[in-house]
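Rule-based calculations on the coordinates, nothing more; no lab input. Quantities reported herein were computed from a predicted structural model and do not represent experimental measurements. Every residue, glycine as well, gets a Cβ built from its backbone with ideal geometry; the counts of neighbours run over all protein chains shown.
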Amino acid sequence: MSYTTNDYSDCSPVLREFLFYMLTIKGRSALTVDNYYMDLRTFFRFIKQYKNIASKEISFEEIDISDVDIDLIASISLSDVYEFLNFISRERHNSARTRSRKICAIRMFFKYLTHNVKLLENNPVEYLELPSTPKSLPKHLTLEQSFDLLSSFDKESPFYARDYCIVTLFLNCGMRLSELTGLNLSSVNGNTLQVIGKGNKERQLYLNDACVRALDDYLETRSKMNPIVEKEALFLNHHGRRLGQRWVQKVVTNLLDKAGLSGMGLSVHKLRHTAATLMYQYGEVDIRVLQEILGHSNLNTTQIYTHVASKQKESAIESNPLSKFKNKK
């Protein structure tokens with residue numbers, strides 16, 4: 001099951017052009033651009049309601065945004081955006097993190113209009129700050145839980161080799177979901193893997209022994225599949241087509257449940273966090289090397305794993321049975 005791109009037919013031309021620009025030129029994933037679309041749709045519905053352009057007889061979700069033109073956009077002020085933020089906080093109960101995501105979409109849209117296509121002279125949100133959000137450490141599996149997950153596979157399943165290879169790559173290489181489903185046969189070259197990350201940036205990952213063995217086993221099984229419709233795709237579904245992101249998520253969710261790890265807020269992305277944490281904690285890898293492995297454009301994004309490792313070290317010392325000992329006077 002693959003992710004299909006929205007045609008954004010209910011958007012105005014200027015908004016559609018922005019979304020397709022982010023999709024084709026900037027290389028954002030279809031899922032990411034869909035999030036931009038939904039956030040901007042909510043924003044312009046509010047603007048039309050707030051400026052008394054939309055009819056009061058229709059519900060918020062029915063407000064049409066196909067007529068949002070550059071004149072309306074040019075009339076939006078910073079105070080209007082503050083009113084929107086107040087609305088999504090008070091009426092829609094959006095968290096600080098969700099409000100930050102919506103602000104990012106609005107800022108990118110206005111930057112596109114002022115810098116890229118020059119349809120606006122002034123950017124009202126250029127200096128708009130993001131809401132402060134509580135920093136939380138990413139959830140991940142411990143080493144023992146990772147072993148439990150890798151041991152939970154049904155070896156009698158016809159897709160055992162494929163699913164085991166997928167989880168092994170996630171846990172050892174720390175790649176993103178979109179990177180894994182985008183792999184082709186040509187991406188594999190001996191003990192290296194060429195992946196395409198955010199912004200269509202390519203990077204090379206080295207495969208350890210576990211990954212090489214899992215890939216060899218899967219490729220042997222794949223060669224016997226019939227039919228194979230998408231011959232270039234590495235991971236295939238039972239129809240011989242490229243395995244979609246939602247299907248991979250379903251496979252991993254089922255495996256986590258089988259391993260007794262459900263209900264922990266874990267997901268495919270948490271396997272990426274697990275790989276990064278284990279590499280930093282046990283491999284003592286340099287933070288900049290980890291940045292390259294994960295494909296982070298900003299070092300600050302990678303540095304969260306130094307805090308994860310520090311927290312684990314603190315927890316390890318606290319768990320020492322001697323930690324509660326008190327010497328009698």
>> Using +1 at the C-beta of Lys and Arg and -1 at the C-beta of Asp and Glu, which of SER75, ALA30, SER95 has the Cα lying farthest in the positive direction of the dipole of the range 13-116?
In response: SER95
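Starting from the alpha-carbon convex hull of the range 13-116, give the projected area averaged over all orientations, in nm².
One quarter of the hull surface, i.e. the mean projection, equals 6.6 nm².
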> Which value at 222 nm does the chain reach when only helices count, each DSSP H run of 4 or more adding -39,500 (n - 2.57), with the total divided by all residues and rounded to the nearest 500 deg cm²/dmol?
Replying inline: -15500 deg cm²/dmol
> Among ALA214, PHE110, LEU180, whose Cα sits farthest toward the positive end of the charge dipole of the chain (+1 at Cβ of Lys/Arg, -1 at Cβ of Asp/Glu, about the Cα centre)?
Replying inline: ALA214
> Quick one: putting +1 on the C-beta of Lys and Arg, -1 on the C-beta of Asp and Glu, what dipole do you get for the chain around its Cα centre, in Debye to the nearest 20?
Replying inline: 1060
> Farthest toward the dipole's positive end in the range 143-315, which of GLN145, ILE287, PHE235, given Cβ charges of +1 (Lys, Arg) and -1 (Asp, Glu) about the Cα centre?
Replying inline: PHE235
>> Which residues does the label zone of ASN122 cover in the range 51-94, counting backbone N under 14 Å from a point 7 Å along Cα→Cβ?
In response: 73-81
>> Based on alpha-carbon centroids, what's the gap between the range 153-226 and the range 24-40 in Å, whole number please?
In response: 26
>> Treating only the Cα positions of the chain as identical point scatterers, give the base-10 log of I(q)/I(0) from the Debye formula at each q in 0.12, 0.15 Å⁻¹.
In response: -0.99, -1.26
